[in-house]
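Engineer: A single structure is presented below for examination.
The values are calculated or read from the model by the stated rules, or taken from the named source; none is laboratory data. Source: prediction; values computed, not measured. Counting neighbours? That spans all protein chains shown, and the Cβs are built from the backbone with ideal geometry, glycine included. What goes into the accessible areas is simple: the full protein's heavy atoms, side chains included, and nothing from ligands, DNA or RNA. Shrake-Rupley method; radii C 1.70, N 1.55, O 1.52, S 1.80 Å.
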Amino acid sequence: LKIDGADITLTSDANGEWLPAAVISPLAPILLQARQAMAANPANPDFSSLPDWRIGSITLRNAKLRVIEAGGAQNLISALDVRVAWPGTTDPLQVTGAGVWRGQEFGLSANFGNPVQMAAGGSGGLKASFNSQEATFEFDGVANLNRVFFANGEVKFETPSMGALLDWLGAQMDAGASMGKMALSAKLVTKDDKMNFDDAVTALADVTGGDR
């Protein structure tokens, strides 16, 4: 399936659930069954009885994606070219694409080992990468896609200018602060809405302090 010029809106409700109804609704029976398996045995859920629905691939060309958070904040991604390959609901899902956000081009790729299980709160393999003029990021490990996000794996991050990256993200630095090149490699573990970086190796350049 190929779609040109799509205009897509994703909205988050007060509970942090994202509601792409056109995608979630057809999969609701499988997601419900997967969540029931998680509830029955969280430590070792049995997903063997999940049905295998054949899906295929979807390609979006020159699309727009609006992401609206529960508080009303909006982000727009334009010039979005994405290919989603998902042979079936028990198969890995692969996403590759590129777009423009806040005036900067970016590219991304991600491979989800067990997307239905991950959406139901179970863990699955995740390999993802992001690249732009401002930063590159790679993750290789396990994660889930539930409201309480969990990840455990190797992460690599590099930016030629931390200051420029923060500016692109809309974050503010202390007056007079300057942050240059930064690189990080570590094992990322999330727990209780916190991120821990174990065995971290960092490199900084051209960093000066600002007002506190």
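Engineer: Here's a check for you: in segment 8-39, which residue that is open to solvent by 90 Å² or more (accessible area, probe 1.4 Å) and in a helix (DSSP H, G or I) is modelled with the lowest pLDDT?
Structural biologist: For segment 8-39, the residue satisfying everything is Ala22.
Engineer: Another question about this same structure. Just name the residue that is least open to solvent (accessible area, probe 1.4 Å) out of those in segment 133-151 that are of a type in the set (S, T, N, Q) and not in a strand (DSSP E or B).
Structural biologist: Asn144
Engineer: Looking at segment 119-132, I want the residues that are in a strand (DSSP E or B) and have a partner that is open to solvent by less than 30 Å² (accessible area, probe 1.4 Å) with Cβ atoms under 6 Å, at least 6 apart or on another chain. Which pairs are those?
Structural biologist: Short answer, once both residue conditions are applied: Gly124/Gly113; Gly124/Met118; Gly125/Gly113; Leu126/Ala143; Ala128/Ala110; Ala128/Phe139; Asn131/Gly107; Ser132/Phe106.
Engineer: Also: Going through Asp198, Asp206, Asp140, Asp174 one at a time, which residue ends up being modelled with pLDDT of 90 or more and more than 19 Å from the chain's Cα centre (by Cα)?
Structural biologist: Among Asp198, Asp206, Asp140, Asp174, only Asp198 is modelled with pLDDT of 90 or more and more than 19 Å from the chain's Cα centre (by Cα).
Engineer: Going by the conditions given, is Ser48 modelled with pLDDT under 90, more than 28 Å from Arg102 (Cα to Cα), open to solvent by 90 Å² or more (accessible area, probe 1.4 Å) and among the hydroxyl-bearing types (Ser, Thr, Tyr)?
Structural biologist: yes
Engineer: Take Ser185 and decide whether it is surrounded by 15 or more Cβ atoms within 10 Å (Cβ to Cβ), touching a strand residue (DSSP E or B) at 6+ places or on another chain (Cβ under 6 Å) and not aromatic (Phe, Trp, Tyr).
Structural biologist: Yes: the conditions hold for Ser185.
Engineer: For segment 54-103, how many residues are surrounded by 16 or more Cβ atoms within 10 Å (Cβ to Cβ), part of a loop (DSSP other than H, G, I, E, B) and in contact with a helix residue (DSSP H, G or I) (Cβ under 8 Å, 6 or more places away or on another chain)?
Structural biologist: Residues in segment 54-103 being surrounded by 16 or more Cβ atoms within 10 Å (Cβ to Cβ), part of a loop (DSSP other than H, G, I, E, B) and in contact with a helix residue (DSSP H, G or I) (Cβ under 8 Å, 6 or more places away or on another chain): 3 in total.
Engineer: Let me ask something additional. Could you list, in sequence order, all residues of segment 104-118 that are farther than 11 Å from Met38 by Cα and in a helix (DSSP H, G or I)?
Structural biologist: Correct list: Pro115, Val116.
Engineer: Ok, one more. Report yes if Glu154 is loosely packed, with under 15 Cβ neighbours inside 10 Å and modelled with pLDDT of 95 or more, otherwise no.
Structural biologist: When the stated conditions are applied, Glu154 passes them.
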